[in-house]
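Below: one structure, written as structure tokens.
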Amino acid sequence: MSWDWEKLKEQQQAKRPVGIPPQFNELANKLKEIKFPGAPMVVLVLLALYLGSSAFYTIGVDEVGVIQRFGKYVRTTEPGLNFKLPVGIEHVTKVKVRRVYKEEFGFIGEQNSSDKGRFQQRGDENDVSSMLTGDLNVALVPWIVQYRIKDPYNYLFKVHENRRLLMDMSEAAMRLVVGDRSVNEVISKREEIAIEARNILQQEMDNAESGINIVTIEMKRTNVPGPVQPSFNEVNQATQEKEKTIYQAKEEYNKAIPTARGEAERTIRVAEGYALDRVNRAQGDASRFQAMFTEYEKAKDITKRRLYLEMMNSLFPKISNKIIIDSDQKNLLPLLNLDRMQGEKK
């Protein structure tokens, strides 16, 4: 039995209810029947506008453009209006080289694994901030890494998943630095640890040709796990009391020792001054005697008489109630000692 397709289509169209829109193929047939004057020209103009708009692009002041031609790197363009070959031939990738990116490690939160940074999950035993110190203690060390893209070419083409590399190397560098120090040093010397970790991380990123420049590593509040916090506080308190006692002893030492040294120095200086005075006086007396002896040798009688008279002159004022006469004097009348007689009557 042969089918009459034209008759069947007419029957289906007659049976189609009112209000149902025509099918796509019907619309296409109707559009084919419409004749647009200059349709190829319009298509060419639209195509030219599209290709022209894809050839010009603008780079922001904080970024650069990396141009690829059929997937191969050809050049890097600076901020401003630039030109490239149309889409399909050259492709531009904009890289923000002045923007400071941030990665956070070890912060307590409800973040999931897809969020930025590596966060401590509540009850997570594999917390990234839990680190073993050099004295075999566990410390919670959260930190922040800030970085820039310094080489767009290396950043885009040399390393796959730069952010993953940065996070892994940052954790490795921090664990390496913390593992060389005691828990007290990790808590008290955060700035020193941050500087050393940054240097190690930058060296590793340069070796990997990642094109990333580490701006800074900021250490947050370092502590010990919660279950051992009370015991750790007691140890710290005992250590502080020990240091306080040592400082007080050193203070007393610094007071007593300089005082004793000053007193000893003063005594030595007084003794030295006394010895110098005695020596100078002895030398002066010897020089004076030597000069006098020289003069005595020149005129013995005159010098002897002068010495005698000088001696008597200094001696007589010290003698009271004495009468001195010549030993050769005769027929001396006795002198009445009235002062003595008055004393006896009393």
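The values are calculated or read from the model by the stated rules, or taken from the named source; none is laboratory data. Just so you know, these numbers come straight off a predicted model, no measurement behind them. Please note: Cβ atoms are built from the backbone with ideal geometry, for glycine as well, and neighbour counts cover all protein chains shown. When the accessible area is computed, the model is the full protein with side chains, heavy atoms only, and any ligands, DNA or RNA have been set aside. Shrake-Rupley method; radii C 1.70, N 1.55, O 1.52, S 1.80 Å.
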- Could you give me the ³J(HN,Hα) list for region 252-258, computed from phi with Karplus coefficients 6.51, -1.76, 1.60 and θ = phi - 60°, whole Hz, x at Gly and Pro? 5, 4, 5, 7, 6, 5, x
- Task: Quick one: what are the phi-derived ³J(HN,Hα) couplings along region 228-245, Karplus 6.51/-1.76/1.60 with θ = phi - 60°, whole Hz, x for glycine and proline?
- Result: 9, 4, x, 5, 5, 5, 5, 5, 5, 5, 5, 5, 5, 5, 4, 5, 4, 4
- Task: Taking the Cα centre of region 233-293 as origin, work out the dipole magnitude from +1 charges on Lys and Arg Cβ and -1 charges on Asp and Glu Cβ, in debye rounded to 20.
- Result: 360 debye
- Per-residue ³J(HN,Hα) for region 78-92, Karplus 6.51 cos²θ - 1.76 cosθ + 1.60, θ = phi - 60°, Hz, x for Gly and Pro: 8, x, x, 7, 10, 10, 9, 5, x, 4, x, 10, 10, 10, 10
- Query: What percentage of the solvent-accessible surface of region 141-184, computed with a 1.4 Å probe over protein heavy atoms, is contributed by carbon and sulfur atoms?
  - Reply: 47 percent
- How much area per residue is accessible in region 178-267 when the probe is 1.4 Å and only protein heavy atoms are counted (Å²)? 67 Å²
- About its Cα centre, how strong a charge dipole does region 218-331 have in debye, to the nearest 20, once Lys and Arg get +1 and Asp and Glu get -1 at the Cβ? 420 debye
- Message: Skipping prolines and chain starts, which residues have an amide H placed within reach, meaning under 5 Å, of the one on Val215, given they are 5 or more residues away or on another chain?
- Response: Gln146, Tyr147, Arg148
- Too long at a 19 Å Cα-Cα cut-off: which of Lys72/Lys158; Lys220/Lys242; Lys96/Lys150; Lys94/Lys158; Lys189/Lys250? Lys220/Lys242; Lys189/Lys250
- Query: Taking H as built 1.01 Å from N, whose amide H comes closer than 5 Å to the amide H of Arg75, not counting residues under 5 places away?
  - Reply: Ile67
